[in-house]
Every structure is written in structure tokens, then in C-alpha cells.
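A short worksheet on the structure shown next.
The values are calculated or read from the model by the stated rules, or taken from the named source; none is laboratory data. Because the structure is a prediction, the values reported are computed rather than measured. Cβ sites come from the backbone with ideal geometry, for glycine too, and all protein chains shown count toward neighbours. What goes into the accessible areas is simple: the full protein's heavy atoms, side chains included, and nothing from ligands, DNA or RNA. Shrake-Rupley method; radii C 1.70, N 1.55, O 1.52, S 1.80 Å.
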Protein chains: 2
Amino acid sequence: MRNLFILSIIFLCWNSSQAQTFVGKQKHINQILDNTRKFSEYVMKSDYEGIANCYTSDAKIFPNNTKILTGRDSIISYWALPEGVGTLFHKITQSEIRINGNEAYDYGYYEGKTKYADGRESSWQGKYVIVWRREKGVWKIYLDIWNKVPLKS
Amino acid sequence: MRNLFILSIIFLCWNSSQAQTFVGKQKHINQILDNTRKFSEYVMKSDYEGIANCYTSDAKIFPNNTKILTGRDSIISYWALPEGVGTLFHKITQSEIRINGNEAYDYGYYEGKTKYADGRESSWQGKYVIVWRREKGVWKIYLDIWNKVPLKS
């Protein structure tokens, strides 16, 4: 823990009028930022193998109104959209990322837009906490939990 | 991280047919288990100062359908129930606790029952992720996020 603080580079920047606190070595912070951007790209491309590869093999996801879902098949089933439905937009904005050895967590907000088969579009937003693990040098999502934020707030 | 594993005591026990994985020194695991039980007691006693003291001064809570709430006053406002309303039962069952230096996380399920002013009672359950921090030797909740699990699942 002492080493963490000695090695830490603390970034405090302002993005869209919102503070972001990143604590940890820059290469780790950058990989988590990059992996998160890729995750959003996979969601927008409905690339479910890509999404699944962002998670550890024993990852747990916590969608609202289900039990905890674990394992690659459950995660792909959750993310898979019906025929004709797509995610037009997906973006995650981190409020804080904190690296601690081979574990890390971040929290913040997400936003997105879904297009349905009938052409209707629906925007949504929420907040999340992710616990990351570094496996063979690659940061992957181990725990992923979120819930809604009303669009007007 | 290596030290963590060398020092770790891994408990694998079965409770209510559900696996629990606790990784870390037993004294830390025990304090987190104990603090979680106390948290439930404070909720059942509507002891809002007690609840607030379970959190770090910069803690964040993530109730559904709000933005992220931070700070003692926001946390007390969230937990405070209207006159005549009480929590008859509150219990947290950890699926995993993992200590990493002065940080830790746990996830699992919660369940409870509310009694309303008109005498009606309502049961509920959900799942959660908590990120803990050890401050002056005491484990406190830094991030607290949860969402629902249907009662029949």
C-alpha cells in the first residue's frame, strides 16, 4: 500500500465539468481507459466475443432484476441483443480509477442509445462500479455492477 | 500482491447451500463480517449516525434512479425513513470478500423487510458490490452499489 502511494501518479483533470481521479501507474490507467473504450466499441458493433474477452473467465455481472450472472456463456447471453436491435451509442466516463497491485476498481457513469427493430430509439444512462484484475498482464473486468440514472438528472 | 497470497487464509465454506470465498488475513475478514452485521443492526434500529459511521467521510453510494450520492449528509438523507416506517429485517450474505492491503471488496446478496406506517410489510432482496478502505485500522465502506433480485428467483 505504501509502495502504491509512492509509485502513484495522481491525475486530477476536468472533463465535461466533472472531476476525474486516476491513481496508479500511468500505463495501467491507460490500459483500463483503453479497454473501456474498446468495450464500448464491441457493444456498438454487437461483437459479443469481443465483449466476453473484456471479462475474466470467472467474471460476475450484476444486471438489475436478475441473480448474479457468472461465466462467459451467461455474459454473452446477457449482452446479446435480439435480431434487428442495436446499440447506436455507448460511452463510459470514469469518475475514479484506482490501481492496487493486480487489482483495480473504477466507478462513474455510462450512457447509451438503443435502436429497436421498429426504428424507435431510446437513450439511457446510469452509474457503475467495476472491479478489475490484471491477468497475464492484461486488465480484465472481474465484477461489473450498474444501475440507472434518470435521463433528466 | 505476492505477499497477499502468501499471507492469505482462504476460507471455503458452505452456508445456505452457497459458496463463500474469503481471501485475506482472518482478522480483516472478521472485521468486515462484523462491520457488515453492525450495519444491518443500525438499519434495523434506524440508527442513522451508526449507518453513516460505517462509511468513509468521502464514501459514495449508488441507489437506483439517482446520481452518485457522496458525503455524510447525502448518505444519511438516503437512509432516513419517513416517520412510522421501519426496517424489520436486514441481512447481507457475502459471496466473496477479498482483502488487498488497505483496500478490500466484497459482493453478494442482501435481503430485508420494510414495515410501513399503515402496517403493510414488504420483503425485498438484491445483490451488491462494496469497496472497503481501512482508515486508522477500521474497515469502512467507500463505494456501495446494489440493485434488485426478484423475490421468486
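Annotations
- Among the residues making up segment B:77-91, those that are open to solvent by 30 Å² or more (accessible area, probe 1.4 Å) and within 15 Å of the chain's Cα centre (by Cα) are B:Y78, B:W79, B:F89, B:K91.
- Selection from segment B:49-70 of residues that are open to solvent by less than 50 Å² (accessible area, probe 1.4 Å) and farther than 21 Å from A:P150 by Cα: B:G50, B:I51, B:A52, B:C54, B:Y55, B:T56, B:A59
- Unmet criterion (only one of (1) within 17 Å of the chain's Cα centre (by Cα); (2) open to solvent by 70 Å² or more (accessible area, probe 1.4 Å); (3) more than 8 Å from chain B (Cβ to nearest Cβ)) for A:K136: (1)
- Any hit, segment B:98-111, residues being touching a residue at least 24 places away in the same chain (Cβ under 8 Å), crowded, with 18+ Cβ neighbours inside 10 Å and touching a His at 6+ places or on another chain (Cβ under 6 Å): yes
- Filter pass, B:K115 being charged (D, E, K, R), more than 14 Å from chain A (Cβ to nearest Cβ) and crowded, with 16+ Cβ neighbours inside 10 Å: yes
- Residue within segment A:133-142 that is at positive phi and in contact (Cβ under 8 Å) with a residue 60 or more places away in the chain present: no
- The single condition among (1) more than 10 Å from chain A (Cβ to nearest Cβ); (2) under 28 Å from A:E96 (Cα atoms) that B:N100 does not satisfy is (1).
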